[in-house]
Amino acid sequence: MSERGEWPLYEVFVRSKRGLNHVHVGSLRAGDAEMALRHARDVYTRRNEGVSIWVVKASDITASSPDEKDPFFAPAADKVYRHPTFYDIPENVPHM
Amino acid sequence: MTTSQAASPTTSPTATPSEQDLERHFDEIIARDQRIEPRDWMPDGYRKTLVRQIAQHAHSEIIGMQPEANWITRAPSLRRKAILLAKVQDEAGHGLYLYSAAETLGADRTEMTEKLIDSRQKYSSIFNYPTLNFADVGVIGWLVDGAAICNQVPLCRSSYGPYARGMVRICKEESFHQRQGYELLMTMMRGTEEQRQMVQDATDRWWWPSLMMFGPPDHDSPNTAQSMEWKIKRHTNDELRQRFVDMTVPQAEALGVTLPDPELAWNDERGHYDFGEIDWSEFKQVISGNGPCNAQRLAHRRRAHEDGAWVREAAAAHAAKHSHAAVS
Ligand SMILES: [Fe+2]
Ligand SMILES: [Fe+2]
């Protein structure tokens, strides 16, 4: 709770159906996590948009900063050998 | 990951890019038609414009619950009552999606509510008109939600990610709003002569205010050019208004009502309907607080906020007690 007595901000993640990941859908304010879940159900799943909801306090999320975008993701950029197309396999080899 | 926190808490280990570099990067993202996300650098004006627009939009959804809620207890059947409840609840949801989007820009939700009830932030002029008979519920769904859809569909491609995503959710739900209204009106039009009169009367009263929902004419809308450059807006007010008129005329014909504008006529040359002059002095009066229901709408919102204070405090106290219990 902030000094003004406000409810904290919760980020809401919804699994839309079995077999899919939870996806971020927005945020809401609630007194505690349990209330956040109930509110999330009413705000974000009024039409069967979800089978499962996660709520997490926004202040508990650590995020990468867009300022350091290039160096932060650089390790992934120069490793072409992580992709299957990097490897030459003769056409006559099946199921590769 | 996108969080709703606008402020960037970390200090970058790399050299801080200059303001010019940041602005160039921002402009490139806009030019490539990509989305700006909450933690990206953005010009102050862009942030301010968005906060103003999104807050105003959120307030409109929240205040917009009132005219229709007026009829929930008096809906003529359980079916209509259930539909109307669901629709009004959706509008609350729309307000909440939008407050959530505004918070990603650093706006504070409580502060926005305070600004609304102190008249420091605006909401759509349309909700300052009274709902006098049950046909108003149908006409609001048909015309007011119809105009809102016209406005909102292009906003699904707005350059600010959280706003655009909120609009996608909203637009999906608005289609039900418009259709239930039109279906209600069709039902009344198949009824008695008196019921048909009610539909015509409601149409007469809501038509012009609906056209005003698109905002002042382009030559009197100083912020439009910048908003379009930033791709916050995708069309001018007059373009959207014309689109709405063109869409609505055949719907009125199918329904069997007359739109209250003697100048309304198809223009073959333009490929659009011509329509009469809007009374902009009325618009200005309503926007500046002198519409038929401005005082009532704000007083109601203020009362709801104040009456809810003990609930907010009790929930906060409950949460504090339980987090203490968890620690000890
Ligand atoms: Fe809405
Ligand atoms: Fe609506």
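The values are calculated or read from the model by the stated rules, or taken from the named source; none is laboratory data. What you see is a predicted model, and the numbers here were worked out from it, not measured in a lab. Note that we place each Cβ from the backbone using ideal geometry, even for glycine, and neighbour counts take in every protein chain shown. SASA here: full protein model, heavy atoms, side chains in, ligands and nucleic acids out. Shrake-Rupley method; radii C 1.70, N 1.55, O 1.52, S 1.80 Å.
Give me the aspartates and glutamates in straight-line cross-link reach of B:Lys321: C-alpha distance below 18 Å, same-chain residues under 8 apart excluded.
In chain and number order, the partners are A:Glu3, A:Glu6, A:Asp32, A:Glu34, B:Glu313.
What length, rounded to one decimal in nm, is gained on full extension from B:Ala265 through to B:Asp279, with 0.36 nm per residue of separation minus their alpha-carbon distance?
Details: separation 14, 0.36 × 14 = 5.04 nm, distance 1.86 nm.
Gain on extension, B:Ala265 to B:Asp279, equals 3.2 nm.
For the stretch B:19-326, which whole-number percentage of the solvent-accessible area (1.4 Å probe, protein heavy atoms only) is attributable to carbon and sulfur atoms?
Exposed carbon and sulfur together represent 54 percent of the surface.
For a test of the definition: using alpha carbon positions, the gyration tensor, and the 1.5 limit on a/c, classify the stretch B:166-284 as rounded, prolate or oblate.
It is prolate, given that a/c is not under 1.5 and a/b is the larger ratio.
Pop a pseudo-label 7 angstrom from the Cα along the beta-carbon direction at both B:Asn290 and B:Glu193 and give the gap in nm to one decimal.
According to this spin-label approximation, the distance is 4.0 nm.
With +1 on each Lys and Arg Cβ and -1 on each Asp and Glu Cβ, how big is the dipole of chain B about its Cα centre, in debye rounded to the nearest 20?
1320 debye
Residues of the stretch A:30-64 with the amide nitrogen closer than 18 Å to a label point 7 Å from the Cα of B:Ala314, along Cα-to-Cβ, please.
A:30-36, A:38-39
Per residue, how much accessible area does the protein assembly as shown have with a 1.4 Å probe, in Å²?
It amounts to 53 Å² per residue over the protein assembly as shown.
When the scattering of the protein assembly as shown is computed by the Debye formula from its Cα atoms alone, each counted once and equally, what is log10 I(q)/I(0) at q = 0.06, 0.07, 0.09, 0.12 Å⁻¹?
Treating every Cα as an identical point scatterer, log10 I(q)/I(0) equals -0.31, -0.42, -0.66, -1.09.
Please give the total accessible area that chains A and B bury against each other, computed with a 1.4 Å probe and expressed in Å² to the nearest 100. Kindly include the intermediate steps, with their values, before the conclusion.
Details: alone 8230 and 17070 Å², together 22620 Å².
Interface between A and B: roughly 2700 Å².
Please give the average number of partner chain Cβ atoms lying within 10 Å of the Cβ of each residue in A:44-53, rounded to a whole number.
Mean partner shielding for this stretch: 2.
Give me the distance between the Cα centres of the stretch B:203-228 and the stretch A:43-86, rounded to whole Å.
Cα centroid to Cα centroid, the span is 39 Å.
I'd like the accessible area for B:Lys48: 1.4 Å probe, protein heavy atoms, all chains in place, Å² to the nearest 10.
Probe radius 1.4 Å; accessible area of B:Lys48 about 140 Å².
Using Cα springs under 10 Å in a Gaussian network model of chain B, which residue among B:Glu103, B:Glu174, B:Glu23 shows the largest mean-square fluctuation?
Judging by the Gaussian network model, the answer is B:Glu23.
With every atom except the alpha carbons ignored, what do you get for Rg and Dmax of chain B, in angstroms?
In order Rg, Dmax, the Cα atoms of chain B give 22.0, 78 Å.
Kindly state, to the nearest 0.05, the FRET efficiency for B:Ala325 paired with B:Ala299, given R0 = 41 Å and r defined as their beta-carbon distance.
Values: r = 40 Å, r/R0 = 0.98.
The calculated FRET efficiency here is 0.50.
Within 15 Å, Cβ to Cβ, of B:Gln197, how many net charges do the neighbouring residues add up to if Lys/Arg are +1 and Asp/Glu are -1?
-2
Can you tell me the 0 to 90 degree angle between the C-alpha axis of helix B:44-63 and the longest principal axis of chain B, rounded to 10?
50 degrees
If you line up the long axis of helix A:33-44 against the longest principal axis of chain A, both from Cα atoms, how many degrees apart are they, to the nearest 10?
Long axis of A:33-44 versus the principal axis of chain A: about 70 degrees.
Using label points projected 7 Å from each Cα along Cα→Cβ, tell me how many nm separate B:Arg74 and A:His83, to one decimal.
If labels sit at B:Arg74 and A:His83, their model points lie 6.6 nm apart.
Suppose accessible area is computed on protein heavy atoms with a 1.4 Å probe; arrange B:Trp310, A:Trp7, B:Trp207 from highest to lowest. Can you show the working numbers first?
Numbers: B:Trp310 175, A:Trp7 45, B:Trp207 0 Å².
Ranking B:Trp310, A:Trp7, B:Trp207 by accessible area, largest first, yields B:Trp310, A:Trp7, B:Trp207.
Given the pairs B:Lys115/B:Lys172; A:Lys57/B:Lys81; A:Lys17/A:Lys79; B:Lys81/B:Lys284; A:Lys79/B:Lys231; B:Lys87/B:Lys233, which span a C-alpha to C-alpha distance of over 32 angstrom in this model?
Values: B:Lys115/B:Lys172 29 Å; A:Lys57/B:Lys81 36 Å; A:Lys17/A:Lys79 34 Å; B:Lys81/B:Lys284 34 Å; A:Lys79/B:Lys231 36 Å; B:Lys87/B:Lys233 26 Å.
A:Lys57/B:Lys81; A:Lys17/A:Lys79; B:Lys81/B:Lys284; A:Lys79/B:Lys231, as the Cα separations exceed 32 Å there.
How tilted is helix B:294-307 with respect to the longest principal axis of chain B? Cα atoms for both, answer in degrees (0 to 90, nearest 10).
50 degrees
Could you check which residue among B:Arg297, B:Arg32, B:Arg243 shows the biggest mean-square fluctuation in a GNM of chain B with a 10 Å Cα cutoff?
Evaluated over chain B, the most mobile residue of the options is B:Arg32.
Please give the contour-minus-distance gain from A:Arg18 to A:Ala33: 0.36 nm per residue of separation, less the Cα-Cα distance, rounded to one decimal in nm.
Here the segment from A:Arg18 to A:Ala33 would lengthen by 3.1 nm.
Per residue of the protein assembly as shown, what 222 nm ellipticity follows from adding -39500 (n - 2.57) for every DSSP H run with n ≥ 4, rounded to the nearest 500?
Value at 222 nm, helices only: -16500 deg cm²/dmol.
Taking the Cα centre of the protein assembly as shown as origin and charging only Cβ (+1 Lys, Arg; -1 Asp, Glu), how large is the dipole, in debye to the nearest 20? All intermediate terms of the calculation are to be shown ahead of the outcome.
Numbers: 50 positive and 59 negative charges, 338 e Å.
Value, rounded to 20: 1620 debye.
Over 23 Å, how big is the tail of the calculated P(r) for chain A, in percent of all Cα pairs?
Numbers: 2460 of 4560 pairs.
Beyond 23 Å sits 54 percent of the P(r) for chain A.
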